[in-house]
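The next block holds one structure in the form of structure tokens; read it before the comments.
The values are calculated or read from the model by the stated rules, or taken from the named source; none is laboratory data. Everything numeric in this text was worked out from a predicted model, so none of it was measured. Quick reminder, even Gly has a Cβ in these numbers, built from the backbone with ideal geometry, and neighbours come from all protein chains shown.
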């Protein structure tokens, strides 16, 4: 029974699943927390990966591993393989002005034709332009640019700064995959090549970029890494951000508390990795007619298609997927945290928020929440704030506000579904995933907001599952076909009034 491990190095945490490479049966899992913030020292990801591996019982019996991770994050390295500054994450909007500058210089239609994207603050290219303009000394030192999963894969294989890694700073050994490369703003899903002119337009000079691996292609093998307990005090000080309750019900190991003997064995096959959404598509086995709507830290709407998307409006990002075809995607900055905010305001938990929401009628008696709490990426309004419309003495009730929060969240994602349809995608069913998808109110209201049947897969770590499927693919030479269970399928109950009200106040 060969085992395959998949990692999801997300914004908030690192999760790992270890599965039977043949059947997909879950054998064990682990997790560790990431620091909060929109810029993070990548070392925290490396420590969390090792802590999650230990929480999962180690890799002693694992034959292959692959890492999926949050897209777009800017990891800049100097010639010695050292991280120059904290990585800017996808949700760091300080590069909004840089995105506007790149569009003005190149043109939105030209960008879409060359990369499938139109620059927004999320993409790596805009963060590089911000670095060039705001921190020119740091920009001048950049010898290589990587994404979070690229850098972790490189470290897993034993590369990194001299004195901190067994194989040293061999920048030429950086690798990525087509799905993550397609989110940079300087790689084309159509040609499968980097556009170095666009890289230089952003950074101000050229730099080494990771080699793009094909689906099912190995990045190499792991190098032996010591247990976290052997790190020095500088690393042990990070324990407060790493330890948290894992899915196995015990505390995830913190740096400085990992048992002696833990670590990463040598010789495990390493898969190409993927961007998080492409990883989820693999984990769900999404195919033609499926549109995935994910409610996590961000909201995403995406589908696996045979044809690339080139949306000059920038609404739909024309990403590549991790199987060799394409992944048109719409992303919103505001998703599950919309519910967090309103639940906090009403002093209730998420279950009670859902019960309140179902007490209110569809349309919440005219109360509309436009949920741009942290600015917004789609529509591209990085400086926007949230607004409530339709407040009257009759409509301003706790149930209506709870319902308006759920409706506002889902209407933004339904706009995303319309946008991917405009790129030729057929929606035969909506696969609703993410923690918020388990709330009965979210399920019921989704069936009223979306005009396609909604199904809710059983809770799972689908990004990590997709990475595990990648690892099994590299190990066996064939993409696995693991079954995904459906947890709920609410009856279709489309209520046009919800989206009509939302559209009337759309920013």
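In the set 110, 105, only one residue is without any contact (Cβ under 8 Å) to a residue 12 or more places away in the chain, outside any loop (DSSP other than H, G, I, E, B) and surrounded by fewer than 24 Cβ atoms within 10 Å (Cβ to Cβ); that residue is 110.
Only one of the listed residues (168, 192, 158) is surrounded by fewer than 22 Cβ atoms within 10 Å (Cβ to Cβ), in the same structural domain as residue 127 (by TED's automatic domain parsing) and within 17 Å of residue 275 (Cα to Cα). That residue is 192. Per this entry, residue 48 is counted among residues that are in contact with a helix residue (DSSP H, G or I) (Cβ under 9 Å, 6 or more places away or on another chain), surrounded by 21 or more Cβ atoms within 10 Å (Cβ to Cβ) and either at pLDDT below 95 or closer than 21 Å to residue 223 by Cβ (or both). Across the stretch 142-155, which residue is farthest from the chain's Cα centre (by Cα) among those that are part of a strand (DSSP E or B) and buried (at least 24 other Cβ atoms within 10 Å of the Cβ)? So the residue we want is 145. Examine the stretch 230-244 for a residue that is in a loop (DSSP other than H, G, I, E, B), over 29 Å from residue 170 (Cβ atoms), modelled with pLDDT under 50 and within 24 Å of the chain's Cα centre (by Cα), and state whether such a residue exists. Scanning the stretch 230-244, I find at least one residue that is in a loop (DSSP other than H, G, I, E, B), over 29 Å from residue 170 (Cβ atoms), modelled with pLDDT under 50 and within 24 Å of the chain's Cα centre (by Cα), so the answer is yes. Residue 255 meets each of the listed conditions (1) out of contact with any helix residue (DSSP H, G or I) (no Cβ under 7 Å at 6 or more places or on another chain); (2) modelled with pLDDT under 50 apart from (1).
Residue 91 satisfies every condition listed in (1) surrounded by fewer than 24 Cβ atoms within 10 Å (Cβ to Cβ); (2) at pLDDT 95 or above except (2). For the stretch 69-83, a tally of residues being surrounded by 18 or more Cβ atoms within 10 Å (Cβ to Cβ) and farther than 25 Å from residue 312 by Cβ returns 7. Does residue 176 meet the test of being at pLDDT 95 or above, in a helix (DSSP H, G or I), crowded, with 21+ Cβ neighbours inside 10 Å and not assigned by TED's automatic domain parsing to the domain that holds residue 335? Against the criterion (at pLDDT 95 or above, in a helix (DSSP H, G or I), crowded, with 21+ Cβ neighbours inside 10 Å and not assigned by TED's automatic domain parsing to the domain that holds residue 335), residue 176 does not qualify. The set of residues in the stretch 1-18 that are in a strand (DSSP E or B) and over 14 Å from residue 68 (Cβ atoms) comprises 3, 18.
Every residue, every condition in (1) in contact with a strand residue (DSSP E or B) (Cβ under 7 Å, 6 or more places away or on another chain); (2) more than 25 Å from residue 115 (Cβ to Cβ); (3) surrounded by 24 or more Cβ atoms within 10 Å (Cβ to Cβ), yes or no:
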residue	(1), (2), (3)
319	yes, no, yes
323	no, no, no
330	yes, no, yes
338	yes, yes, yes
348	no, yes, no
357	no, yes, yes
362	no, yes, no
